[in-house]
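Some notes on the structure that comes next.
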Amino acid sequence: MLIDSHAHLDMDDFDADRDKVLERAAQGGITHIITMGIDGESSIAALKLSQEYDFVYAAVGYHPHSADECETGDLDALRSMASEPEIVAWGEIGLDYYRGYSSPEAQQRIFSRQLEIADDLNLPVIIHDREAHDDVFEMLKKMGKGEKKGVIHCFSGDTDLAMAFLDLGYYISIPGTVTYKKAYHVKEVASAIPLESMLIETDAPFLAPVPKRGKRNEPAFVSFTAHEIARLRNIDFEEVARRTSENAKNLFGLPG
Ligand code: NI
């Protein structure tokens, strides 16, 4: 039993064989998948998929890449979707100074607004932080400490930063990159943080773990990530699976 806490199932990478991909996930013991919204259109698509497939749940949100094109009315539209029972989080949202597809000012404005909406709706947030550690941390800190505030997806910082996010009430999600030979930081974080604060994810179709590196990623491959975490911590795969699944159920209020 495993939960993929972060995937992009609506992306056209899956158009040709989405049914098969989800069948393989179910056969591989994946009990729940959270699929992300990155703008208005993909949030609607995520909701649709969650209504179509029993074990798929959705998040709605505007990714920092789309911040420049996001208008107030767009967030209102997402807000009204968020009452659907399949929507279990607000995301993926955050800051990305690496790609810089949108201006930092717009990214910060849209991120901050979405943090407030999610807080209003009492939904956990799914955070994207790429080369923006200080600003993301400061903005989350402003939202205050609390239990089950959300998750830092595809965590790319060091162990000190991970601990600081945990202290604010966030989970850390370990992606498939933990299987990469030279991913020293993420291996260290995956070894060091308490298991009760850890989620696992694919970020499919991106970042396929070894031995699928370079190929399209899919939810079933989250097992490679769990195996590597078990190896690093010198514990059983089953323990990683059970604990990370419990965490995801707690954070997102998933049934089962
Ligand atoms: Ni993502």
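The values are calculated or read from the model by the stated rules, or taken from the named source; none is laboratory data. These figures come from a predicted structure and were not determined experimentally. So basically every Cβ, Gly included, is an ideal-geometry build from the backbone, and we count neighbours across all protein chains shown. Keep in mind that these areas ignore ligands, DNA and RNA; they rest on the heavy atoms of the full protein, side chains included. Shrake-Rupley method; radii C 1.70, N 1.55, O 1.52, S 1.80 Å.
Do you know which of the residues in segment 18-36 that are without any contact (Cβ under 8 Å) to a residue 40 or more places away in the chain and closer than 18 Å to ALA208 by Cβ is nearest to the ligand (Cβ to nearest atom)? Outline the logic, then answer.
As a first pass, look at segment 18-36 and keep what is without any contact (Cβ under 8 Å) to a residue 40 or more places away in the chain: 18-20, 23, 26, 35.
Checking which are closer than 18 Å to ALA208 by Cβ leaves us with 18, 20, 35.
Values: ARG18: 17, LYS20: 22, THR35: 10 Å.
Looking at residues that are without any contact (Cβ under 8 Å) to a residue 40 or more places away in the chain and closer than 18 Å to ALA208 by Cβ, I get THR35.
Go through ALA208, ALA230 for me and flag whichever is assigned to a helix (DSSP H, G or I) and modelled with pLDDT of 95 or more.
Values: ALA208 fails: assigned to a helix (DSSP H, G or I).
Every option except ALA230 fails the conditions.
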Odd one out for GLY256, checked against (1) open to solvent by less than 70 Å² (accessible area, probe 1.4 Å); (2) under 30 Å from PRO85 (Cβ atoms); (3) part of a loop (DSSP other than H, G, I, E, B); (4) among the small types (Gly, Ala, Ser): (1)
Set ASP15, ASP4, ASP39: member being away from the ligand (no atom under 15 Å from the Cβ) and at pLDDT 95 or above: ASP15
HIS128 within 28 Å of LYS249 (Cβ to Cβ), in contact (Cβ under 8 Å) with a residue 60 or more places away in the chain, open to solvent by 20 Å² or more (accessible area, probe 1.4 Å) and not small (Gly, Ala, Ser): yes
Any pair with Cβ under 6 angstrom, 6 or more apart, that starts in segment 213-239 at a residue that is charged (D, E, K, R) and ends at one that is part of a helix (DSSP H, G or I): ARG216/ASP13; GLU218/VAL21; GLU228/VAL178; GLU228/THR179; ARG233/SER191
Segments classed as strands (runs of 3 or more DSSP E), wholly inside segment 1-97, with at least 3 members that are in contact with a strand residue (DSSP E or B) (Cβ under 9 Å, 6 or more places away or on another chain) and not aliphatic (A, V, I, L, M): 2-7, 30-35, 87-96
Residue match in segment 164-179 (condition: open to solvent by 30 Å² or more (accessible area, probe 1.4 Å) and assigned to a loop (DSSP other than H, G, I, E, B)): no
